[in-house]
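**Q** Following this message is one structure expressed as structure tokens.
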Amino acid sequence: MDEDIRLVKAVLNGNIDSFSIIVNKYEMTILKFIYNMLRDREASEDITQEVFITVYNKLYMYNSNYKFSNWILQIARNKCIDYIRKYKRVYESNLEDVRDLASDEMSPEDSAEFKETKEKVLSFINELNEVDKQLVLLRYTQELTFYDIGEILNMSESAVKRRYYKLRDRFKEYSNVREKRCKV
């Protein structure tokens, strides 16, 4: 965090090279986050560029009492929301786009079970509203704390926790319903 604050101050004092360091440090994180929201590679790349343009133009507004990573993810989240509103698109995950996470060492049974579980999780995530989807993605793809997620989503930490645990319970119910359908 201290490094980020030092880089921000350097950029505000006119050191453009420091901004390049910020871009290099956060570019993949932002791109992955946006891609997980939109599932559109070109749009994700374009929005990532927009995020960094906004970061550069609004850097003076950054409050160093908060994590810089949370601030930049919040900008990315807002850009995604703007994009979705503008184009009124709902994106569904295409399983072919998700890289196969199965290890070569898995047995065929384990691999089939893994794929089934992954399909179930992706299907559940696609049915969530935007805020819940963002909460899950921030928690699992960015591995952020509830406090950090709260900062990004403009929610209290306790509200994030409540929502997260309700989502977890909903997923358990969702899984049980799907299993019952398969057995019938």
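The values are calculated or read from the model by the stated rules, or taken from the named source; none is laboratory data. All of these numbers come straight from a predicted model, not from anything done at the bench. With ideal geometry, Cβ positions are generated from the backbone for all residues, glycine too; neighbour counts draw on all protein chains shown.
**Q** Please tell me if ASN70 is at pLDDT 80 or above and exposed (fewer than 14 other Cβ atoms within 10 Å of the Cβ).
**A** no
**Q** So how many residues does the stretch 4-49 have that are assigned to a helix (DSSP H, G or I), within 23 Å of the chain's Cα centre (by Cα) and not aliphatic (A, V, I, L, M)?
**A** Here the count works out to 19.
**Q** Are there any pairs with C-beta distances below 7 angstrom linking a residue in the stretch 120-145 that is assigned by TED's automatic domain parsing to the domain that holds ARG163 and touching a residue at least 24 places away in the same chain (Cβ under 8 Å) to a residue that is surrounded by 14 or more Cβ atoms within 10 Å (Cβ to Cβ) and part of a loop (DSSP other than H, G, I, E, B), with the two at least 6 apart or on different chains, and if so which?
**A** LEU122/SER93; ASN126/SER93; VAL136/LEU128; LEU138/LEU144
**Q** Could you go through the stretch 105-123 and let me know if any residue there is farther than 22 Å from LYS67 by Cβ, surrounded by 15 or more Cβ atoms within 10 Å (Cβ to Cβ), modelled with pLDDT of 85 or more and charged (D, E, K, R).
**A** So far as the stretch 105-123 goes, no, none of its residues is farther than 22 Å from LYS67 by Cβ, surrounded by 15 or more Cβ atoms within 10 Å (Cβ to Cβ), modelled with pLDDT of 85 or more and charged (D, E, K, R).
**Q** Could you list, in sequence order, all residues of the stretch 151-167 that are over 17 Å from the mean Cα position of the chain (by Cα) and either crowded, with 16+ Cβ neighbours inside 10 Å or hydroxyl-bearing (Ser, Thr, Tyr) (or both)?
**A** Within the stretch 151-167, SER156, SER158, TYR165 qualify.
**Q** Name the pairs whose Cβ atoms lie under 6 Å apart, with the first residue in the stretch 16-41 and in contact (Cβ under 8 Å) with a residue 60 or more places away in the chain, the second not in a helix (DSSP H, G or I), and 6 or more positions between them or separate chains?
**A** ASN36/THR141
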